[in-house]
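> Below: one structure in structure tokens.
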Amino acid sequence: MKFSEIQGQEAIKERLRQTVKSNRVSHAQLFLGPQGNNKLALALAYAQYINCHERSAEDSCGKCPSCIKYEKLAHPDLHFIFPVATTKSVTTKPQSQHFMSEWRQMLIEQQFLVSMNHWVNKLDIENKQPIINSEDCGEIVRTLGYKSYESEYKVLIIWMADKLHHAAAPKLLKTLEEPPEKTLFILISEKQEVMLPTILSRTQIIKIPRYPDADVIQFLTSTKSVDLPRARQICMLADGSLIAANDLLLRTDEAEWIFTNFRQWMRYCFSMDIASMLTFVSEVSKIGRERQKTFLLYALRITQFSLYMNLDREDLLKSEGEEMAFLSKFFRYMPTANIQSFVKEFQDAHYHIERNGNASVIFTDLSLNLVRLLAASRQIATN
């Protein structure tokens, strides 16, 4: 993976290049940021750049023996640790090395735009929660104790480091404190708040931002050959995530499904049609957590657009067609005096879905709270 193959993130790329040029490569770095901002691709491009035999000022060469092996994810000095769980084929004490073939295959299939949901589906582990366990941490210590085979740096990428089990952490901490010479740890995480403080204190944090809408649209139009109106529609749902944009593109009718069902849901809540509302809850509870999260992010974007319309800032909107027609009426029922309450409800629901809460309970509670808020907003609108 070369830096030039990664969409945007130019400031981060330059920061990483400078650490190599100035010979200030920190031995333990945490790439931190929201889903879909290409953290894993940046980590791989950084590792390839460090170990390239003929790198330029801007990028790795892509042609030397080291780069060729990195491109194939088969370099002997490149190691991966990621969350795992027992499966039908690995029934006890799972380790990353047991799933390396599936891991490499997923990265290539998804063009490095991977989420935990992709990995869970790849492993076919249903409702199990993958973790980074003590067996893998023990393997880290053993692997990094060997000399590098052919590169200046041994590189260990720990994907989703927030999944590190607390019982496994002590094995990793000592290695982070006293790493073998010329060893680079790159930890990747989306959730600083659940990272162990002892891990955070031992790493240099590289905060990688969410993609701006312009970069998401360029990714869709240039890389995926999507027409501009469709790209704008997907961009609004993707919320700065290339992973979400890519997944939405693969599900061609998803954007229309989200808008249609959100509009109908709001009508049920507004008219206090409890029976229809509960039918909706039953249906949305079956669609899977990633789609539920995308649906709630869309609700937050509609809330944001309603605020713009209340403030007479329609120039900030990225909406058209039926969605714009809906917004032109709906925004009156999300007045500025009440809009923060809507934001809190949608954010709380998203938080609980992300943490594996019962979807039926979450959406039922959310729907009833929206009935109350819309009734209050209706009262405000008529006064």
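> Could you check, for segment 113-134, whether at least one of its residues is of a type in the set (D, E, K, R), more than 20 Å from Glu290 (Cβ to Cβ) and modelled with pLDDT under 90?
No, segment 113-134 contains no residue that is of a type in the set (D, E, K, R), more than 20 Å from Glu290 (Cβ to Cβ) and modelled with pLDDT under 90.
> Tell me yes or no: at least one residue of segment 46-62 is buried (at least 18 other Cβ atoms within 10 Å of the Cβ), in contact with a His (Cβ under 8 Å, 6 or more places away or on another chain) and either closer than 26 Å to Leu176 by Cβ or among the acidic types (Asp, Glu) (or both).
Taking every residue of segment 46-62 in turn, at least one turns out to be buried (at least 18 other Cβ atoms within 10 Å of the Cβ), in contact with a His (Cβ under 8 Å, 6 or more places away or on another chain) and either closer than 26 Å to Leu176 by Cβ or among the acidic types (Asp, Glu) (or both).
> A further question on this structure: Return the only residue of Gln204, Gln218 being polar (S, T, N, Q) and surrounded by fewer than 16 Cβ atoms within 10 Å (Cβ to Cβ). Talk me through it step by step, then tell me what you get.
On the way: Gln218 fails: surrounded by fewer than 16 Cβ atoms within 10 Å (Cβ to Cβ).
Only one candidate qualifies: Gln204.
> Does Asn356 qualify as being of a type outside the set (Val, Ile, Thr) and modelled with pLDDT under 85? Outline the logic, then answer.
Working: of a type outside the set (Val, Ile, Thr): yes; modelled with pLDDT under 85: yes.
Spelling it out, Asn356 is indeed of a type outside the set (Val, Ile, Thr) and modelled with pLDDT under 85.
This table checks each residue for (1) at positive phi; (2) more than 24 Å from the chain's Cα centre (by Cα).
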| residue | (1), (2) |
| --- | --- |
| Lys69 | no, yes |
| Phe80 | no, no |
| Trp119 | no, no |
| Asp124 | yes, no |
| Glu139 | no, yes |
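> Can you confirm whether Leu187 is at pLDDT 90 or above and either closer than 21 Å to Asn117 by Cα or of a type outside the set (Gly, Ala, Ser) (or both)? Talk me through it step by step, then tell me what you get.
Values: at pLDDT 90 or above: yes; either closer than 21 Å to Asn117 by Cα or of a type outside the set (Gly, Ala, Ser) (or both): yes.
Here the answer is yes, as Leu187 does meet what is asked.
> Same structure again: Which of the helices (runs of 4 or more DSSP H) contained wholly in segment 172-291 include at least 1 residues that are farther than 30 Å from Glu135 by Cα?
Values: elements: 197-200, 213-218, 228-238, 242-250, 254-271, 274-284.
So the answer is 213-218, 228-238, 242-250, 254-271, 274-284.
> Working only within segment 134-171, note down all residues that are surrounded by fewer than 21 Cβ atoms within 10 Å (Cβ to Cβ), assigned to a helix (DSSP H, G or I) and hydrophobic (A, V, I, L, M, F, W, C).
Val141, Leu144, Ala169
The values are calculated or read from the model by the stated rules, or taken from the named source; none is laboratory data. Just so we're clear, the structure is a prediction, and the values are computed from it rather than from any experiment. Cβ atoms come from the backbone with ideal geometry, glycine included; neighbour counts cover every protein chain shown.
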